[in-house]
């Protein structure tokens, strides 16, 4: 595992000395801030419209976390799907292009150590990206008070939401890593994984129009559909299994793709 | 130390290495000689486990390259044809990374980096960004990487490409100091280098072994009766052209180094 750690360290070194990770963080922070202020504004409008009338009881049931934080997280999901391909594109493809792949393959490390090291670094970057988003509920809790004097933010729901986003990010990175291991071109790697991940994200639109098995299939395949329960504060086994299956499949296929170089 | 038997490597319909067999004893320095595209790099890539052989076997230190790649890779330092350096890293960070890949004991890594940096003469550029270094320095950073951990076997693919004459001499000195303790295979098409550093010469042409012998053996075989000293490299050019050009110097094929050949005949 020493080899994997060395590779992870080097990848993080590269991530944070080149602009890619910073650009991804900035995009994430910028759009999350837009969605956050947008949701807070929508919430405020709603409350001021409701207040003069009989809405007092409704207002008490209105949940700040569901209206603001969950909506923010749902929007952030798209940006994870869009930014992940750019974070994962050069993981293996760049090594092949720069011919440093030969160094990795002639060093005494197993292919899986290469995969694990690269994936570990990718996960760290993804976690930082999601931690930026976690700042918004914290800001909200600093300025808002609950109806009964408690915290305005339900931290359990925030926690499951962040877990969901992290699992989504982990899935996107695993898919991106595999695609990156198939090509020498970082552009091709980014585009192909973007297409695959976006397709998985939006496949749920077939569920709206379709019915019966098609609808179930579309919902079952969609990475956005599986995020919903997390955003509502529930951890459901089927959703965890969905994301982790993609992680396992992605890592296994990457391992095979790298091992395959030794054979052909 | 290195046993290659009936090694063949085919890329689709092109045969890169054709039924190559040779043995290298421990401590020998072997010069790999051949025109461009003769299969030198391919053979080295098979020996280091980067690509598989189509048929035949290669063993390093008694381990089959394909069956027990990790055991082989642990014992081999390899400088590929293109130095595998990262443009965004400093040589120091790069060597530390390579030390991690080679799983060198952590406490000794710093001293080991200083040692190989001194051998490859890159002490002064250790903290600059590799992407800004000249080709010669990048080549030497790659060489330092191969020397990390003092491996028993060193496989150097054109170690002096891109170096200036003084640096070439330094690398030559380095190879001489490594000889004896290490088994070295180095490929080159600079003949003087072979004459000065290698004990044995392996000439391949179009993937086939043409001759494998000591320098004295080659002289005795191909230039009988000629008295040569090792400082004089023209004899090697002559032998080389005899081996690589079918029918000796008359039939010049497009891949053959005709200028070297004619220079050799002109000189004699």
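Annotations
- Tally of residues being within 17 Å of residue B:184 (Cβ to Cβ) and either within 14 Å of chain A (Cβ to nearest Cβ) or surrounded by fewer than 21 Cβ atoms within 10 Å (Cβ to Cβ) (or both) across region B:25-42: 5
- Taking region A:1-81 and the helices (runs of 4 or more DSSP H) fully enclosed by it, the elements with 2 or more residues that are away from chain B (no Cβ under 14 Å), modelled with pLDDT of 90 or more and closer than 17 Å to residue A:136 by Cα are at A:19-50.
- Complete set of residues in region B:159-180 that are in a loop (DSSP other than H, G, I, E, B) and touching a helix residue (DSSP H, G or I) at 6+ places or on another chain (Cβ under 8 Å): B:159, B:160, B:161, B:162, B:163, B:164
- For region B:70-96, a residue qualifies if it is part of a helix (DSSP H, G or I), at the interface with chain A (Cβ under 7 Å from one of its Cβ atoms) and more than 20 Å from the chain's Cα centre (by Cα), and the qualifying residues are B:70, B:93.
- Subset tally (residues that are surrounded by 23 or more Cβ atoms within 10 Å (Cβ to Cβ) and in a strand (DSSP E or B)) for region B:181-204: 9
Listed here are the residues, each with its yes/no results for (1) under 24 Å from residue A:95 (Cβ atoms); (2) in a helix (DSSP H, G or I).
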position: B:98; (1), (2): yes, yes
position: B:104; (1), (2): yes, no
position: B:110; (1), (2): no, yes
position: B:117; (1), (2): yes, yes
position: B:121; (1), (2): no, no
position: B:124; (1), (2): no, yes
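- Members of region A:156-211 that are crowded, with 24+ Cβ neighbours inside 10 Å and in a loop (DSSP other than H, G, I, E, B): A:181
- Of all residues in region B:77-91, one or more are in contact with a strand residue (DSSP E or B) (Cβ under 8 Å, 6 or more places away or on another chain), within 16 Å of residue B:185 (Cα to Cα) and surrounded by fewer than 18 Cβ atoms within 10 Å (Cβ to Cβ).
- Yes/no for residue A:102 being out of contact with any helix residue (DSSP H, G or I) (no Cβ under 6 Å at 6 or more places or on another chain) and within 14 Å of chain B (Cβ to nearest Cβ): yes
- Residues within region A:232-264 that are within 14 Å of chain B (Cβ to nearest Cβ), surrounded by fewer than 14 Cβ atoms within 10 Å (Cβ to Cβ) and assigned to a helix (DSSP H, G or I), tallied: 1
The values are calculated or read from the model by the stated rules, or taken from the named source; none is laboratory data. Predicted model, so just to flag it, every value in this text is computed and none were measured. Don't worry about glycine lacking a Cβ; one is built from the backbone with ideal geometry, like all the others, and counts go over all protein chains shown.
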